[in-house]
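*Asks:* Have a look at this one before I ask anything.
The values are calculated or read from the model by the stated rules, or taken from the named source; none is laboratory data. Not measured: the values here are computed from a predicted model. Using ideal geometry, Cβ is built from the backbone for each residue, glycine included, and neighbour counts are taken over all protein chains shown.
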Amino acid sequence: MTDQASADQGLVEANRDLYNSHTEALLVNTDDIHAAAKAIGSPSNEHFAAFGQIEADLLRQHGLASDSFLIDVGCGSGRLGHQLAGWLKGRYLGTDISPPLLHYAEKACGRPDWQFELIQGLEIPADDASADMVCYFSVLTHLRHEESYIYLEAARRVLKQGGVLVFSYLEFEVESHWDVFDATMASVREDGGLHVNQFMSRDLIEAWAPRLGFEVTSLHRGDTPHIDLTDPDFVGEVNPVVDGQSMLGQSVAVLTAI
Ligand SMILES: C[S@@+](CC[C@H](N)C(=O)[O-])C[C@H]1O[C@@H](n2cnc3c(N)ncnc32)[C@H](O)[C@@H]1O
């Protein structure tokens, strides 16, 4: 292992331990969708399915085609993959650091042609310039900025020129994100804050983009509907819908590989 790889592994160790202990407690039975939903932060099966649809609609809106190669970094228990399994004919690679979540995702998607890879660090096990789209939903929010930067270098390596990077993030401009910050502050005061909730700013994203080989296509606030829904009635049962559009809660960055 190179010094860099070993450093990367050290950086994600705490995160992996946290997710594994969290998910092993919940995923006693890996066939249990409710446990799988809760493990990645969805309070109910309906919430899990609705947010999977919102993620899928967001990616389609920003260019995911049915024959695309999509890489879903930190795919968790397959919230997105499950919603795309009946539609995406192209390749799909889901990666995660948590074996029980990855195992559930693979079973839930029911696509033997899709690839699910357990990873150790901040790597994407795909060929250079092979992917049409790379997404990180609620993943960079748990990494330090330096780790996210390394991960986005990996995203640029695997993306084709013109390929699309989508990631969700927390920002101080959005009032509801302050709840996360307040909870993190409470945990830092209590025990040093073992669980990272990392915020990003728009100027950070705009400064990083050209250095990483991207241009910023659009940035979307987490509290403002911007995602055209295929099933607004269903999503509307668990999340605000205005004129057929909804949002993730976290803000969303869409970047194009240049
Ligand atoms: C909040 S969950 C979101 C899961 C999924 N993206 C979704 O939207 O349903 C965060 C996921 O990121 C994974 N994760 C954390 N650090 C990671 C890393 N360095 N590389 C890949 N996955 C990671 C966790 O194991 C977990 O499955």
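*Asks:* For segment 70-95, which residues satisfy the criterion of being closer than 12 Å to Asp132 by Cα and either within 14 Å of the ligand (Cβ to nearest atom) or in contact with a Ser or Thr (Cβ under 6 Å, 6 or more places away or on another chain) (or both)? Walk me through it before giving the result.
*Replies:* At the first step, the residues of segment 70-95 found to be closer than 12 Å to Asp132 by Cα are 70-72, 90-93.
Across segment 70-95, the qualifying residues are Leu70, Ile71, Asp72, Gly90, Tyr92, Leu93.
*Asks:* Are any residues in segment 27-63 within 12 Å of the ligand (Cβ to nearest atom) and either on the phi > 0 side of the Ramachandran plot or modelled with pLDDT under 80 (or both), and if so, which ones?
*Replies:* Leu27, Ala36, Ala37, Lys38, Ile40, Gly41
*Asks:* Would you confirm, using the coordinates I've provided, whether Ser68 is modelled with pLDDT of 95 or more, hydroxyl-bearing (Ser, Thr, Tyr) and more than 21 Å from Ser251 (Cβ to Cβ)? Steps first, please.
*Replies:* Details: modelled with pLDDT of 95 or more: yes; hydroxyl-bearing (Ser, Thr, Tyr): yes; more than 21 Å from Ser251 (Cβ to Cβ): yes.
Yes, satisfied.
*Asks:* Further question: Output the number of residues of segment 96-109 satisfying the condition of being under 13 Å from Asp72 (Cα atoms) and within 12 Å of the ligand (Cβ to nearest atom).
*Replies:* Number satisfying all stated conditions: 4.
*Asks:* Here is a further query. Just need a number here: residues in segment 155-171 that are buried (at least 21 other Cβ atoms within 10 Å of the Cβ) and either out of contact with any strand residue (DSSP E or B) (no Cβ under 7 Å at 6 or more places or on another chain) or without any contact (Cβ under 8 Å) to a residue 40 or more places away in the chain (or both).
*Replies:* 0
Yes/no matrix, rows are residues, columns are (1) surrounded by 15 or more Cβ atoms within 10 Å (Cβ to Cβ); (2) among the β-branched types (Val, Ile, Thr); (3) at pLDDT below 95:
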residue	(1), (2), (3)
Gly192	no, no, yes
Ile205	yes, yes, no
Phe214	yes, no, no
Ile227	yes, yes, no
Val235	yes, yes, no
Val238	yes, yes, no
Ser246	yes, no, no
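*Asks:* Still on this structure, I have one more. Check whether at least one residue in segment 172-195 is touching a residue at least 24 places away in the same chain (Cβ under 8 Å) and among the basic types (Lys, Arg), and report yes or no.
*Replies:* There is no residue in segment 172-195 that is touching a residue at least 24 places away in the same chain (Cβ under 8 Å) and among the basic types (Lys, Arg).
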